[in-house]
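The values are calculated or read from the model by the stated rules, or taken from the named source; none is laboratory data. Please read these numbers as outputs of a predicted model, since none were measured by experiment. Cβ placement follows ideal geometry from the backbone for every residue including glycine, while neighbour counts extend to all protein chains displayed. Ligands, DNA and RNA are stripped out before the accessible areas are found, and what is left, the full protein with its side chains, is counted by its heavy atoms. Shrake-Rupley method; radii C 1.70, N 1.55, O 1.52, S 1.80 Å.
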Amino acid sequence: RITENGIDYILVGDYYIPDLKLPKEHRPIGKYGRMRRVFLQEYKPMLFDDLVLTEQLFPHLYEVQETAKARVERIMEGLLEKNPALEKEKDAMAWVRHMNMLKAQAEEVVMTELIYI
């Protein structure tokens, strides 16, 4: 067993391979964390590999998930103040359309600010 650049390697046959372990804590990675992982895999593979090898991928995804979720909620509150929803009891479908539109707007901001950077 050797350590180089902060990564532990173990000897298997004639080769040293990274000694990677799954994270000890388990929190669910939600929608935004999964989207961030896919983005990193497809468009930033070197950063993705670095996060995996330094065991920082899951903490990074948890942080992105929590930050994005909180940001969407704050943006939704602001949008609701500027564009109040109709009364749900009078026209439920119009209320649902309005809320879905606001959520789509909030998620678009979060995608460009947190996920796809």
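The table that follows gives values for the structure above.
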item: Additional length obtainable on full extension of the chain from Thr112 to Asn5, 0.36 nm per residue less Cα span; result: 35.3 nm
item: Accessible area (Å², 1.4 Å probe, nearest 10) - Ile75; result: 30
item: Accessible area of the chain belonging to carbon and sulfur atoms, whole % at 1.4 Å probe; result: 56
item: Surrounding net charge for Gln56, when Lys and Arg each add one and Asp and Glu each subtract one, Cβ distance under 12 Å; result: -4
item: Listed residue (Met76, Tyr116, Gly6) projecting farthest to the positive dipole end of the chain, Cβ model; result: Met76
item: Of Asp91, Asp50, Asp14, the one that fluctuates the most in a GNM where the chain has Cα springs shorter than 10 Å; result: Asp14
item: Restricting segment 1-104 to GluC sites (Glu not before Pro) in coil, as DSSP defines it, with at most 12 other Cβ within 10 Å; result: Glu25, Glu87, Glu89
item: Candidates Tyr43, Tyr16, Tyr32: whichever shows maximal mean-square fluctuation once the chain is modelled as a Gaussian network with Cα springs under 10 Å; result: Tyr16
item: Pairwise Cα inverse-distance average, inverted: Kirkwood Rh of the chain (Å); result: 17.1
item: Accessible area per residue, Å², segment 64-117 with all protein chains present, probe 1.4 Å; result: 70
item: The chain, helix-only ellipticity at 222 nm - DSSP H runs n ≥ 4, -39,500 (n - 2.57), divided by all residues, nearest 500; result: -19000 deg cm²/dmol
item: Set of aspartates and glutamates with alpha-carbon distance to Lys21 below 14 Å, sequence-local pairs under 8 removed; result: Asp8, Glu55
item: Residue (of Thr67, Tyr16, Leu53) at the positive-pole extreme of the chain, dipole from beta-carbon charges; result: Thr67
item: Which listed pairs, of Lys82/Lys103; Lys31/Lys103; Lys44/Lys103; Lys24/Lys44, have C-alpha distances above 18 Å, in listed order; result: Lys44/Lys103; Lys24/Lys44
